[in-house]
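The values are calculated or read from the model by the stated rules, or taken from the named source; none is laboratory data. Here the structure is a predicted model, which means the values were calculated and not measured. Every residue, glycine as well, gets a Cβ built from its backbone with ideal geometry; the counts of neighbours run over all protein chains shown. SASA here: full protein model, heavy atoms, side chains in, ligands and nucleic acids out. Shrake-Rupley method; radii C 1.70, N 1.55, O 1.52, S 1.80 Å.
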Amino acid sequence: MAAVTAVTRWRLLLVLSTAALGAAGAPQPPNILLLLMDDMGWGDLGVYGEPSRETPNLDRMAAEGMLFPNFYTANPLCSPSYTPQEIVGGIPDSERLLPELLKEAGYVSKIVGKWHLGHRPQFHPLKHGFDEWFGSPNCHFGPYDNRARPNIPVYRDWEMVGRYYEEFPINLKTGEANLTQIYLQEALDFIRRQQAARRPFFLYWAVDATHAPVYASKPFLGTSQRGRYGDAVREIDDSVGKILHSLQDLGIAESTFVFFTSDNGAALISAPKQGGSNGPFLCGKQTTFEGGMREPAVAWWPGRIPAGQVSHQLGSIMDLFTTSLSLAGLEPPRDRAIDGLSLLPAMLQGQLMDRPIFYYRGNTLMAVTLGQYKAHFWTWTNSWEEFRQGIDFCPGQNVSGVTTHTQEEHTRLPLIFHLGRDPGERFPLSFASTEYLDALRRITPVVRQHQEALIPGQPQLNVCNQAVMNWAPPGCEKLGKCLTPPESVPEKCSWPH
């Protein structure tokens, strides 16, 4: 056994732990639930500070599972790339998504909530591996007048069943909406049906109540010490608790892997009433400072992941792709580079893997973290023009020479911070210090290797067209909800951030 690799060991452990789950000697892989929040910050969970009455279920999930305090998104926005409804592009057919690959292991897959990888019919989630969908292709912005811009549709599977602010109301004045309750019931119903059918399932629960304009159902409004945003967090916390209780009541908790995280940091531009907290970290959504990229993250798998553990493994949301395939006993595609790692060695055996985290904003590599050290090659919050209009991604957090409103290049002498001592990125190391030079020597070859191996993707966000918005989604005829699109006028998209 001395020659068995670490990867082999955790795979052996996984096989032994799942072998008893199937019937009559037919092992069944674990169910997989990925709970992805929207604009929820690292500081929004009580478990990262003192346990609180605001998030008791998430605090319990962490106490029964494993907390990842060093977990990152791939991009400081709500999607791999922000996709408003005038975008022509979307997820290319060449990309192989997780639900498509999980079919090879017999999984049934459902997405509940926001898709955000393209709203046109060719980008539909059921064309990319999902078997069921209840939710929306875009965020719940609005209401619109359905003349200059249509309200966003809500889908059940292939067809729309209404629109936000119409069949699915959101009261902007009071913040009342029942969407989180609807999304919760969709999740519970799917779990019950798959358990009854004894099929492994993948549930992607992507709710957006914490994205401005934030909302909550009536029983939760006014219940938080943190205002309306806190009300939304409390309802999500309650929903997560009900999902975990359902798994336990159905007797499938020990055969179900659950991971909770967020798509990016809290949107401080919407704070304090409509935005969350990034704890000790600098800035928020839209930026590649820690507040924009570091996310709350909890893994839960009773009887498999040791309870009450904290892993200091550097993790990325991209790791959930590879980790989920590993859980299903599948290999990642070999015809392309896969950026994510499997986190199972960290979760099941407490191992720590040395790996970098790259911070991108658009196509630009802004920063990298390796170990405890983070190097900024570019710094930028947003333009002076936007800032003077009151758009502030870092309210109350000005750090001279760091939170810049012009795009400042540091590629020759990067700004380097020790995130253990200075998680708020306020005190860059001295360029002349031995610590700086040692960190730079470690980081430089990692960045060089990364950049040399990059293969440019086909741009999907360059072309916008008012005519491709959600005027007449599939199913609109049945509801009498089809709208007439304007003349098609393709134009280059504008990306001010």
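Restricting His128, His119 to those that are open to solvent by less than 30 Å² (accessible area, probe 1.4 Å), touching a helix residue (DSSP H, G or I) at 6+ places or on another chain (Cβ under 9 Å) and under 13 Å from Asn470 (Cα atoms) reduces the list to His119.
Look at (1) hydrophobic (A, V, I, L, M, F, W, C); (2) under 22 Å from the mean Cα position of the chain (by Cα); (3) surrounded by fewer than 18 Cβ atoms within 10 Å (Cβ to Cβ) and you find that Phe321 fails only one, number (3). Scanning the stretch 340-358 turns up no residue that is among the charged types (D, E, K, R), open to solvent by 50 Å² or more (accessible area, probe 1.4 Å) and farther than 27 Å from Arg421 by Cβ. Considering the stretch 318-363 alone, what residues qualify as being among the small types (Gly, Ala, Ser) and not in a loop (DSSP other than H, G, I, E, B)? Across the stretch 318-363, the qualifying residues are Ser324, Ser326, Ala346. Only residues that are of a type in the set (A, V, I, L, M) and either open to solvent by 10 Å² or more (accessible area, probe 1.4 Å) or not in a helix (DSSP H, G or I) (or both): list them for the stretch 236-250, please. Leu250, the sole residue that qualifies.
Conditions tested, residue by residue: (1) outside any loop (DSSP other than H, G, I, E, B); (2) open to solvent by less than 30 Å² (accessible area, probe 1.4 Å).
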position	(1), (2)
Leu365	yes, yes
Lys374	yes, yes
Thr381	no, yes
Gly390	no, no
Gln397	no, no
Gly401	no, no
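Would you check if there is a residue in the stretch 444-458 being surrounded by 18 or more Cβ atoms within 10 Å (Cβ to Cβ) and either in contact with a His (Cβ under 9 Å, 6 or more places away or on another chain) or under 25 Å from Pro143 (Cβ atoms) (or both)? No, every residue in the stretch 444-458 fails to be surrounded by 18 or more Cβ atoms within 10 Å (Cβ to Cβ) and either in contact with a His (Cβ under 9 Å, 6 or more places away or on another chain) or under 25 Å from Pro143 (Cβ atoms) (or both). Count, please, the residues in the stretch 87-116 that happen to be closer than 27 Å to Asn465 by Cα and of a type in the set (Phe, Trp, Tyr). Here the count works out to 1. Taken over the stretch 61-107, the criterion of being part of a helix (DSSP H, G or I) and under 30 Å from Gly350 (Cβ atoms) is satisfied by Met61, Ala62, Ala63, Glu64, Leu98, Pro99, Leu101, Leu102, Glu104, Ala105. The numbered conditions (1) open to solvent by 40 Å² or more (accessible area, probe 1.4 Å); (2) farther than 25 Å from Pro125 by Cβ; (3) among the small types (Gly, Ala, Ser) are all true for Ala439 except (1). When each of Gln185, Gln181 is tested for being within 20 Å of Asp38 (Cβ to Cβ), outside any loop (DSSP other than H, G, I, E, B) and open to solvent by 60 Å² or more (accessible area, probe 1.4 Å), the lone residue that passes is Gln185. Checking Thr369, Thr434 one by one, the residue that is among the hydroxyl-bearing types (Ser, Thr, Tyr) and either within 23 Å of Ala337 (Cβ to Cβ) or under 26 Å from the mean Cα position of the chain (by Cα) (or both) is Thr369 and no other. Residues of the stretch 119-160 that are without any contact (Cβ under 8 Å) to a residue 24 or more places away in the chain, outside any loop (DSSP other than H, G, I, E, B) and under 16 Å from Ala472 (Cβ atoms): Val154 alone.
Look through Gly303, Gly265, Gly291 and report the one residue that is of a type in the set (Gly, Ala, Ser), open to solvent by less than 30 Å² (accessible area, probe 1.4 Å) and over 21 Å from His116 (Cα atoms). The unique qualifying residue is Gly291.
Is it true that Leu461 is modelled with pLDDT of 95 or more and either of a type outside the set (D, E, K, R) or in contact with a His (Cβ under 8 Å, 6 or more places away or on another chain) (or both)? The answer is no for Leu461. Picking from residues in the stretch 460-497 that are in contact (Cβ under 8 Å) with a residue 60 or more places away in the chain and farther than 27 Å from Val154 by Cα, the one that is surrounded by the most Cβ atoms within 10 Å (Cβ to Cβ) is His497.
Of the listed requirements (1) in contact with an Asp or Glu (Cβ under 6 Å, 6 or more places away or on another chain); (2) farther than 30 Å from Cys482 by Cβ; (3) open to solvent by less than 30 Å² (accessible area, probe 1.4 Å), Ala232 misses just one: (1). Among the residues of this structure, Pro414 counts as one that is surrounded by 14 or more Cβ atoms within 10 Å (Cβ to Cβ) and not small (Gly, Ala, Ser). Look at the stretch 133-173 and say how many of its residues are open to solvent by 60 Å² or more (accessible area, probe 1.4 Å) and of a type in the set (S, T, N, Q). Of the residues in that region, 1 qualify. Taking into account only those residues within the stretch 404-432 that are in a loop (DSSP other than H, G, I, E, B) and either touching a Cys at 6+ places or on another chain (Cβ under 8 Å) or among the aliphatic types (A, V, I, L, M) (or both), which is nearest to Phe71 (Cα to Cα)? Result: Leu419. With respect to the conditions (1) open to solvent by less than 10 Å² (accessible area, probe 1.4 Å); (2) part of a loop (DSSP other than H, G, I, E, B), Gln274 lacks only one, and its number is (1). For the residues Val298, Val258, the requirement of being more than 26 Å from Arg421 (Cα to Cα), touching a residue at least 60 places away in the same chain (Cβ under 8 Å), crowded, with 19+ Cβ neighbours inside 10 Å and β-branched (Val, Ile, Thr) singles out Val258. Checked against the criterion of being at pLDDT 95 or above, among the charged types (D, E, K, R) and assigned to a loop (DSSP other than H, G, I, E, B), the candidates Glu477, Glu487, Glu452 yield just one match: Glu487.
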